[in-house]
Amino acid sequence: MAIANANLANQPGSIIVDDVSMVFNIASEQYNSLKEYFIALSRHKLRFKPFYALKDISFSIKPGESVGLVGTNGSGKSTMLKIIAGVLSPSEGTVTVNGNIAPLIELGAGFDHELTARENIYLNGALLGYRKEFIDENYQRIVEFAELQDFMEMPLKNYSSGMVARIAFAIATITEPDLLIVDEALSVGDQFFREKCERRISELVESKNVTVLFVSHSVEQVKRVCERCIWIEKGNLRMDGPAAEVADAYAHMER
Ligand SMILES: Nc1ncnc2c1ncn2[C@@H]1O[C@H](COP(=O)(O)OP(=O)(O)OP(=O)(O)O)[C@@H](O)[C@H]1O
Ligand SMILES: [Mg+2]
């Protein structure tokens with residue numbers, strides 16, 4: 001395993017998650033008002049208990065694999081994606097990511113809602129590491145993919161959530177990143193845009209060898225888009241295997 005991972009770590013598009021745990025400190029007592037909270041805070045009487053959002057998670061993903069991540073609400077999927085994208089550092093364990101990553105993790109992250117959509121394309125593009133000239137050259141393609149030609153001079157705060165998702169997806173996938181990470185950002189898009197995104201993701205995986213890690217609450221979508229699926233349940237890795245098998249096991253779990 002160690003030797004196989006050492007080889008994998010040098011390949012653009014690979015992800016190695018090694019024994020990762022994430023602990024959050026959550027308040028162990030209930031405070032009925034903000035005043036009570038601040039009194040406890042000032043007296044250093046706030047008590048916290050550790051909460052494991054992820055426990056000893058290990059998996060590795062090869063370049064060009066399309067992997068779905070499933071699990072019930074609060075199971076740690078977004079936390080896992082944030083650790084892989086480098087937004088959070090794990091409490092224990094290590095994550096090795098090789099290659100440039102296009103993360104679509106939180107809707108509107110990397111946008112300034114006071115700026116227009118056009119300005120946000122440049123801002124978000126810069127955050128993804130694109131040069132201004134590159135965005136100049138590709139601006140029209142981004143706008144056309146999002147199908148929002150008439151709304152480019154409008155401030156983003158007046159956009160609907162689906163419109164924001166369209167812009168975010170169009171920017172993130174205008175190039176071929178080594179890794180594309182998508183956290184349900186698409187689920188607010190309408191059916192037609194979701195289908196368009198799925199086609200773009202499949203194209204990136206099949207012809208460009210992009211690695212895709214995709215959180216979804218739609219078992220059918222996971223089966224359509226992914227070849228492999230990882231099921232994380234309440235912080236534990238429950239199953240990792242062929243998408244259809246894992247997604248079906250998840251859909252039929254005992255509750
Ligand atoms: N910053 C934080 N501080 C404290 N607890 C947190 C923090 N971020 C996440 N958690 C907790 O970690 C757990 C996992 O959250 P996470 O957002 O990763 O779940 P998820 O699998 O993405 O759920 P969903 O399907 O609802 O999106 C939850 O119990 C959540 O409350
Ligand atoms: Mg989530």
Residue within region 225-236 that is closer than 12 Å to Leu180 by Cα, touching a strand residue (DSSP E or B) at 6+ places or on another chain (Cβ under 6 Å) and either away from ligand 1 (no atom under 16 Å from the Cβ) or assigned to a strand (DSSP E or B) (or both) present: no
Residue in region 84-93 that is small (Gly, Ala, Ser) and in contact with a Ser or Thr (Cβ under 7 Å, 6 or more places away or on another chain) present: yes
Qualifying residue in region 40-48 (condition: of a type outside the set (Ser, Thr, Tyr), in contact (Cβ under 8 Å) with a residue 12 or more places away in the chain and within 30 Å of Ile230 (Cα to Cα)): no
Enumeration of residues in region 1-31 that are modelled with pLDDT under 80, part of a strand (DSSP E or B) and within 20 Å of Leu179 (Cα to Cα): none
Hits in region 181-221 (condition: within 16 Å of ligand 2 (Cβ to nearest atom), within 15 Å of Leu107 (Cα to Cα) and either outside any helix (DSSP H, G or I) or of a type in the set (A, V, I, L, M, F, W, C) (or both)): Ile181, Val182, Asp183, Glu184, Ala185, Leu186, Val188, Phe214, Val215, Ser216
In region 203-214, the residues that are in contact (Cβ under 8 Å) with a residue 12 or more places away in the chain and over 22 Å from Trp231 (Cβ atoms): Leu204, Lys208, Asn209, Val210
Of residues in region 36-75 being of a type in the set (Gly, Ala, Ser) and farther than 27 Å from Arg199 by Cα, the one farthest from ligand 1 (Cβ to nearest atom): Ser42
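The values are calculated or read from the model by the stated rules, or taken from the named source; none is laboratory data. Please read all numbers here as calculations on a predicted model, not as lab measurements. Here the Cβ is made from the backbone with ideal geometry for all residues, glycine too, and neighbour counts use every protein chain on show.
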